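The values are calculated or read from the model by the stated rules, or taken from the named source; none is laboratory data. Because the structure is a prediction, the values reported are computed rather than measured. Reconstructed Cβ throughout: ideal geometry from the backbone, glycine too, with neighbour counts over all protein chains shown. Just so you know, the surface numbers come from the protein's heavy atoms only, side chains and all, with ligands and any DNA or RNA stripped out. Shrake-Rupley method; radii C 1.70, N 1.55, O 1.52, S 1.80 Å.
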Amino acid sequence: MKLKAGLFLLALFGAVAAAAPLIAPCSPYAQDLLRGLDAPSAAHPMGLDLLGRDILSRVIYGARVSFAAGFVVIAISGLVGVLIGGMAAVWGGRVDMLLMRIVDVAQAFPGILLAIAVMAVLGPGFGNLLIALCLTGWAGFARLTRGQILSLREREYVTAAVAAGAGNWRILTRHLLPNAAAPLLVEAAFGMASVIVAEAGLSFLGLGVQPPAPSWGSMLNEGRAFLLIAPHLTVFPGLCLMLLALAVTLVGDALRDRLDVKRR
Amino acid sequence: MRYLAARLLLLLPTLFGVVTAVFLVIHLIPGDPVEAMLGETAVAAEKDALRRELGLDRPLLAQYGGYLAALARGDLGASISTRQPVLGEIAARWPATLELAVAALLLAAVTAVPLGVLAAARRGGALDNATLFFSLIGVAVPSFWLGPLLIIVFSIGLAWLPVSGREGIASLILPAVTLGAGMAAILLRLTRSAVLEAAEDDYIRAARARGLPEWRVYLKHALGNALLPVVTMMGLQLGALLSGTVITETIFSWPGVGRLMIEAIERRDYPLVQGCVLNIALCYVFANFAVDIIYAWLDPRIRLER
């Protein structure tokens, strides 16, 4: 039930993002200044923004920004985190000690604070936003990977592989990582939901995606000044953001139940 | 006491790491803060003067040493835009942030915990289904959407509550709901499942067998034992709550540290940005420390383990 609802929503948003140029009624950048802030109508179901741009089209293109941020950040921070966690677990000793203290520090910053600090120095922009979110995101994967490997290492099939003469690398890639995949996958799903919300949050604060590019977060930021006269600027991008975050969370929930993963 | 001492000892490397990380983020990331602050049109002499003032002309290690020494004296430097000490600027904003965070925390706890117990007691009932639905929404709804929606409904539509600012208890309600909603949703789900789990235990059956009324079984016995995971989760969620103040304060023009940080970023006032990041991060580290201590106090098994 959860999985079906989540996957359905996710597929819907995915299809919308992929087919954006085909289904968007207008260009997300086309302006019609005279009709700025017009309420939803048959021609523009979600209304127009201050510059008279079609909000539906901008919401459709905004899905691309959310997916791009989610996939890129999770792919990079996941890979880096697994590598660092794996190194800490396999080498142990001082390397482990040093790497885990760095993980501790990265996790000592609450929520998106570290990303905000990095954006303050790097300056706004989508590329910088990806860097900031990767710097924040890898530590969770590193800690999880290390914990998984340390507990899996004690299993009999690993002992058997060692007895059979398998090297460290082979044991890591053939035995340890595949068995750690389930919790990592669940972590990736929940991580993706928080990256999507974090991207929108930073863009909402004016630190992320810059105008005129359509991000749901920056659209919400633009809507703030017009809550009284044009609430449609706020309602639709936020609704989409919530539904996408909900979809990814539902998939994560369902994966966790199916794969029987206990989170922390 | 020994637990407290051991935990304090663990606190030191984390504090040092956070202080160092903030320095590295501000100083090592490419980009010229002086040029960013003055604009590209500034003449070289102006830039050199500001660089000297901020100590940016010294080698990195010397800057780091100076930074640590100043920090030990409680000196966070001076704001570039107001020329006032950074620490004073931030200290003036902490009461507003703490007020907001505590209100959100209390609001989340007093709505989520009783509802969670009720939902568990009437498992599968209408209330249970409704709370589960709303908690699912509550986890997914971003605060920077919920806040504006609340303004549209309660400030603009019904005209019950102020749109923004910090004047009296009425102005606190919407920001506290916005900030606390996510935590309330998580706490609600957790309380429900913790009470349900506890309800299966032998001591609950024993309490029932003794003929205690049902409300007493749930309130005293099931909730008492479900409280530990609830407190843990509140601790884990503190980070989200603290970083959430940045966004919530921005939505409602709430004059706290988070709002100050965003203003400082917009003005490219790097000493002030650095001070705000440091303040919020250290507050989080200390709050976690406090949660660990409370946890040990609630559960004697932890403090007697070592």
- Item | Charge dipole magnitude, Cβ of K and R +1, D and E -1 - the protein assembly as shown, Cα centre, debye nearest 20 | 1620 debye
- Note on the structure: Mean per-residue count of partner chain Cβ within 10 Å for A:200-212 equals 3
- segment B:86-305, accessible area per residue, ligands and nucleic acids excluded (1.4 Å, Å²): 44 Å²
- Note on the structure: On complex formation of B with A, accessible surface lost, both sides summed, probe 1.4 Å, nearest 100 Å², amounts to 3400 Å²
- Quick one: among A:G238, A:G81, A:G137, which has the greatest mean-square fluctuation in a GNM of chain A with alpha-carbon springs under 10 angstrom? A:G238
- If only Cα atoms are counted, what is the Rg of segment A:24-68, and what is its Dmax, in Å? 10.3, 33
- Task: For peptide A:99-111, compute the average count of partner chain beta-carbon atoms within 10 Å of each residue's beta-carbon.
- Result: 6
- Query: Per residue and in Å³, how big is the convex hull formed by the alpha-carbon atoms of segment A:184-229?
  - Reply: 76 Å³
- Item | Average partner coverage of B:144-157, which counts Cβ from other chains inside 10 Å | 5
- When Rg is the radius of gyration of the Cα atoms in segment A:123-216 and Rh is its Kirkwood radius, what does Rg/Rh come to? 1.21
- Task: Select from chain A the helices, each a whole stretch of DSSP H, whose alpha-carbon atoms run 18 Å or more along the helix axis and whose Kyte-Doolittle mean is at least 1.0; answer none if there are none.
- Result: A:2-18, A:55-91, A:126-152, A:177-204, A:232-259
- DSSP loop GluC sites (Glu not before Pro) with at most 11 other Cβ within 10 Å: longest gap in chain B: B:41-166
- Query: So for segment A:135-202, taking the charge dipole from beta-carbon charges (+1 Lys/Arg, -1 Asp/Glu), which of A:H175, A:T145, A:L185 sits furthest toward the positive end?
  - Reply: A:H175
- Message: Rounded, prolate or oblate for the protein assembly as shown? Axes are the square roots of the Cα gyration tensor eigenvalues, ordered a ≥ b ≥ c, and the cut-off for rounded is a/c under 1.5.
- Response: rounded
- Item | B:L76 long-range amide H proximity, modeled H, under 5 Å | B:V86, B:L87
- Task: Averaged over every viewing direction, what's the projected area of the C-alpha convex hull for segment B:86-305? Give it in nm², one decimal, please.
- Result: 14.7 nm²
- Task: For chain A, state the average projected area of the convex hull of the C-alpha atoms over all orientations, rounded to one decimal in nm².
- Result: 16.3 nm²
- Task: Compute the acute angle (0 to 90°) between the alpha-carbon long axis of helix B:170-199 and the principal axis of greatest extent of the alpha-carbon atoms of chain B; round to the nearest 10°.
- Result: 40 degrees
- Note on the structure: So, for the Cα atoms of segment B:60-216, Rg and Dmax in Å stand at 23.0, 72
- Query: Toward the positive end of the charge dipole of segment B:86-305, about the Cα centre and with charges on Cβ (Lys, Arg +1; Asp, Glu -1), which of B:S253, B:A185, B:L236 goes farthest?
  - Reply: B:A185
